[in-house]
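Structure first, then comments.
The values are calculated or read from the model by the stated rules, or taken from the named source; none is laboratory data. Quick caveat: nothing in here was measured; it's all calculated off a predicted structure. Here the Cβ positions follow ideal geometry from the backbone for every residue, glycine too, while neighbour counts run over all protein chains shown. For the accessible areas, the whole protein counts, side chains as well, though only heavy atoms, and no ligand, DNA or RNA atoms are used. Shrake-Rupley method; radii C 1.70, N 1.55, O 1.52, S 1.80 Å.
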Amino acid sequence: MCMLGSFSQYGVISQHSVVKVDPDLPLETAVLVGCGVPTGWGTATNAGGVRPGDTVVIYGVGGLGIDTVQASVVSGAKHVVAVDPVALKRDTAISMGATHAVATAEEAQRLVTDLTLGQGADQALILVGTVTEEVVSAAFDIVGKGGTVVVTGLADPAKLTVHVSGAVLALWEKTIRTPSSAAAIRSTTSRGCSGSTSRVTSSSTSW
């Protein structure tokens, strides 16, 4: 999909996209730093903008999401809620600092409503293996006014997976964005009848 020769022996790429790996560093370790760790970490710290005291919900705590959990903890989030149907992943998220772990989006919604006294989460970060309309809608619903949804996971390119209420987006000033550093569209604004402005944005920050 990205036109990359991932399994080629050779490739012609920009020197700005290359970091030399020390010969003493095992490649199976270096590869984590090359993709999974910075992507998961940057989802929280850069695209999500997690700050001390925030409530963060992370959908999918696999190879990327577990790094997002750690980044949210280090950023000082008050509540870090991991959502994953796999018990081992939930247990691992707790061991990495998540304050709560649940199996479903419905459980997460009830939990966050209780934790925030109905205010909603500050960030909902989507790192599931395959993004669906259901998980995007759940993330959109769980954030409160001014909340941010970051879609890091990939979806089937033939399917439309972002279907949200334009009125809620505008009136509640919510933001939906991706962590892409090569986004062609920086920001698209829409105005509701009240004159408030909301954004469906794509981050220009790289990590």
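Looking at region 15-32, is at least one residue open to solvent by less than 90 Å² (accessible area, probe 1.4 Å), of a type in the set (S, T, N, Q), modelled with pLDDT of 85 or more and farther than 22 Å from Ala155 by Cβ? Checked against the condition, which is being open to solvent by less than 90 Å² (accessible area, probe 1.4 Å), of a type in the set (S, T, N, Q), modelled with pLDDT of 85 or more and farther than 22 Å from Ala155 by Cβ, region 15-32 yields no hits at all. Does any residue of region 159-174 turn out to be modelled with pLDDT of 85 or more, open to solvent by less than 90 Å² (accessible area, probe 1.4 Å), under 15 Å from Gln123 (Cα atoms) and part of a loop (DSSP other than H, G, I, E, B)? The answer is yes; a qualifying residue exists.
Remark: pairs (first residue in region 18-45, closer than 20 Å to Gly60 by Cα; second residue in a helix (DSSP H, G or I) and open to solvent by 70 Å² or more (accessible area, probe 1.4 Å); Cβ separation under 9 Å; 6+ apart in sequence or on different chains) = Trp41/Val74; Ala44/Val74; Thr45/Val74.
Taking the criterion of being surrounded by 19 or more Cβ atoms within 10 Å (Cβ to Cβ) and either assigned to a strand (DSSP E or B) or touching a Pro at 6+ places or on another chain (Cβ under 6 Å) (or both), the residues of region 43-99 that qualify are Thr43, Ala47, Thr55, Val56, Val57, Ile58, Tyr59, His79, Val80, Val81, Ala82, Val83. Filtered by the rule that a residue be over 20 Å from Leu64 (Cβ atoms) and not acidic (Asp, Glu), region 93-139 gives Gln109, Arg110, Leu111, Val112, Thr113, Leu115, Thr116, Leu117, Gly118, Gln119, Gly120, Ser137.
Among the residues of region 109-156, the ones that are outside any loop (DSSP other than H, G, I, E, B), open to solvent by 10 Å² or more (accessible area, probe 1.4 Å), in contact (Cβ under 8 Å) with a residue 60 or more places away in the chain and out of contact with any Lys or Arg (no Cβ under 9 Å at 6 or more places or on another chain) come to 2 in all.
Would you confirm whether any residue within region 55-72 is at pLDDT 85 or above and more than 14 Å from the chain's Cα centre (by Cα)?
Our first condition is that a residue be at pLDDT 85 or above; within region 55-72, this holds for 55-72.
Among the residues that remain, those that are also more than 14 Å from the chain's Cα centre (by Cα) are: none.
Within region 55-72, not a single residue is at pLDDT 85 or above and more than 14 Å from the chain's Cα centre (by Cα).
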